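The values are calculated or read from the model by the stated rules, or taken from the named source; none is laboratory data. Quantities reported herein were computed from a predicted structural model and do not represent experimental measurements. Quick reminder, even Gly has a Cβ in these numbers, built from the backbone with ideal geometry, and neighbours come from all protein chains shown.
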Amino acid sequence: MAKNYQFYINGEWRESRSKESISILSPYLHEEIGRVQAISQDEVDEAINGAKLAQKEWAQLSVRARGAYLYRWVDELLAMKNEIAQSIMEEVGKTFNDAVKEVDRTADFIQYTIEEATHMQGESMWGENFPGGNRSKIAMTNRVPLGVILAISPFNYPVNLSAAKIAPSLIVGNSVIFKPATQGAISGVKMIEALHKAGLPKGVLNLVTGRGSVIGDYLVEHPDIDMISFTGGTVTGQHIAKISNMIPLVMELGGKDPAIVREDADLVFASKQIISGAYSYSGQRCTAIKRVLVNETVADELVSLLKEEIESLTVGSPEENNIIVPLIDDKSADFVQGLIDDALTKEATLVVGNKREGNLIYPTLLDNVTTNMRIAWEEPFGPVLPIIRVKSDKEAITLANASKFGLQASVFTKDINKAFTIAPQIEAGSVQINGRTERGPDHFPFIGIKGSGMGTQGIRRSIEAMTREKVTIINIYE
Ligand code: NAP
Ligand code: G3H
């Protein structure tokens, strides 16, 4: 019988008083791998209350003392690496190798976070610098925690993107209510088991599980939540932004990252980057390349190179480390298939793919995609890539910016001057020159604009987002 995973509140593992649990099905084993608690609103209240009380003492510890707990968390995570990786693989269908990398990346992230916070200092300002020159006033600013942070994470990086909220929150003295994606909650439970083993004081982190559609609004609207760090789809993010209580929000949302390929690009190199950017983990990355805007003079050659690369992609179970794996569920596969069907009905050219076995969609490349097709604009979160042929850089930039999203973009060119002319014109948080779109290294600022989010992530920026400045002013009198 599949294991019933408990939720974590005030240092204890518990079953919900609701007696309700949610079945977690593996996207490729197609069987139940466990059940997680569907907790009640009373239990949400209890978790938030506990976190609120615990935060006061936690904030009193020095950054180094808090860091010592987090260093122990790193040790425990690494000790559980294979178990957690197995759970990530079974729960969200990521290859075992990538799941192991996710745990290692998480350990590095937490370690860097501790180091960064330890080296952050306040600043002082002198009154005399302002017109009028008041020498008797000196301001000292430092950063203080916000209180209780609500960390809501998505399914696709259930451990890394959760730790990317939890570690910066904790190191600066906040407490955390962690709400993992339901498909991802078992991996979330395991990473918190590691934190529990590290001896984190009671209530400093409480893990609440349950469907976002059931407890999500209650969490978001709760008066004792002081900040929300959310990663997930744009529709969910916009909803949260509308209903939350005038508290700071950081939102990492969807994307439609374009790869702009100029006529002077190294096409062999660009094609390899595009394939890895678009198809790894079956395209279930916020930063996946989700459209190619290629100059028409080199489009045939690029398409032929991409086709060759796609034909060598392995397809199947994540247990065998295939590149293309089943999507997270049937609904997602239906959505991707709908985008492909719409494009083919409107006369896109099928270069390769459009084959499906249940929730496994084979890598699909569509050429001659036009702006009346849904795939030109919508985020598939699956292994399908549209090629849009353009006549000029100007047209590529216009199409790139016509998207409602603005996460990242890639520009492939051998002309560095052109690259630096194009990059500032693109409406995106980051522009990669001659490289695939991707988040890491994780201390780089990571920004989504327009429908891709608000606020900045990246270790230092996350720490800043989870604190506020506090000013103490000395008035010198003689
Ligand atoms: P999602 O469906 O929006 O879910 C994200 C999280 O929100 C889950 O924990 C979900 O819980 C929760 N949730 C749902 N409704 C809620 C509500 N009313 N209030 C509070 N929380 C609620 O997204 P997903 O399918 O997990 O992830 C895929 C999407 O995330 C893609 O669009 C991708 O681009 C985006 N993403 C963005 C980034 C980035 O950094 N920009 C990174 C990764 C993913 P349940 O699971 O219980 O529904
Ligand atoms: O899915 C969103 C992740 O933040 C993407 O990270 O670019 O390292 O795959 P990645």
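I'd like to check something: does region 291-314 contain any residue that is surrounded by 23 or more Cβ atoms within 10 Å (Cβ to Cβ) and within 16 Å of ligand 2 (Cβ to nearest atom)?
Within region 291-314, not a single residue is surrounded by 23 or more Cβ atoms within 10 Å (Cβ to Cβ) and within 16 Å of ligand 2 (Cβ to nearest atom).
Has region 452-468 got at least one residue that is among the charged types (D, E, K, R) and either closer than 29 Å to SER282 by Cα or at pLDDT below 95 (or both)?
No, every residue in region 452-468 fails to be among the charged types (D, E, K, R) and either closer than 29 Å to SER282 by Cα or at pLDDT below 95 (or both).
Of the numbered conditions (1) exposed (fewer than 15 other Cβ atoms within 10 Å of the Cβ); (2) closer than 24 Å to GLU309 by Cβ; (3) not basic (Lys, Arg), ILE416 fails exactly one; give the number of that condition.
The one condition ILE416 does not meet is (2).
From the list GLY435, GLY406, exactly one residue is surrounded by fewer than 21 Cβ atoms within 10 Å (Cβ to Cβ) and within 16 Å of ALA288 (Cβ to Cβ). Which is it?
GLY435
Tell me the residue from ILE247, ILE243, ILE228 that is within 13 Å of ligand 1 (Cβ to nearest atom) and surrounded by fewer than 23 Cβ atoms within 10 Å (Cβ to Cβ), please.
Answer to the check: ILE243.
If you go through region 122-132 one residue at a time, do you hit one that is part of a loop (DSSP other than H, G, I, E, B), more than 11 Å from ligand 1 (Cβ to nearest atom), more than 18 Å from the chain's Cα centre (by Cα) and touching a residue at least 24 places away in the same chain (Cβ under 8 Å)?
Taking every residue of region 122-132 in turn, none turns out to be part of a loop (DSSP other than H, G, I, E, B), more than 11 Å from ligand 1 (Cβ to nearest atom), more than 18 Å from the chain's Cα centre (by Cα) and touching a residue at least 24 places away in the same chain (Cβ under 8 Å).
Restricting to region 251-261, what's the tally of residues that are in a strand (DSSP E or B) and crowded, with 24+ Cβ neighbours inside 10 Å?
6
Restricting to region 291-340, give me the number of residues that are outside any loop (DSSP other than H, G, I, E, B), of a type in the set (Val, Ile, Thr) and under 28 Å from PHE155 (Cβ atoms).
6
Looking at SER452, SER462, which one is buried (at least 22 other Cβ atoms within 10 Å of the Cβ), touching a Pro at 6+ places or on another chain (Cβ under 6 Å) and hydroxyl-bearing (Ser, Thr, Tyr)?
Within the list SER452, SER462, the selection yields SER462.
Among all residue pairs at least 6 apart or on different chains, which show Cβ distances below 8 Å where the first residue, located in region 270-286, is touching a residue at least 60 places away in the same chain (Cβ under 8 Å) and more than 13 Å from ligand 1 (Cβ to nearest atom) and the second is part of a helix (DSSP H, G or I) and hydrophobic (A, V, I, L, M, F, W, C)?
ALA270/LEU302; ILE274/LEU306; TYR279/ILE310
Helices (runs of 4 or more DSSP H) wholly in region 147-250 with at least 1 residues that are touching a residue at least 24 places away in the same chain (Cβ under 8 Å) and within 16 Å of ligand 2 (Cβ to nearest atom) - which ones?
160-171, 185-197, 234-243
So if I check each of ASN359, ASN368, which one is crowded, with 22+ Cβ neighbours inside 10 Å and over 19 Å from GLY255 (Cα atoms)?
On inspection, the qualifying residue turns out to be ASN359.
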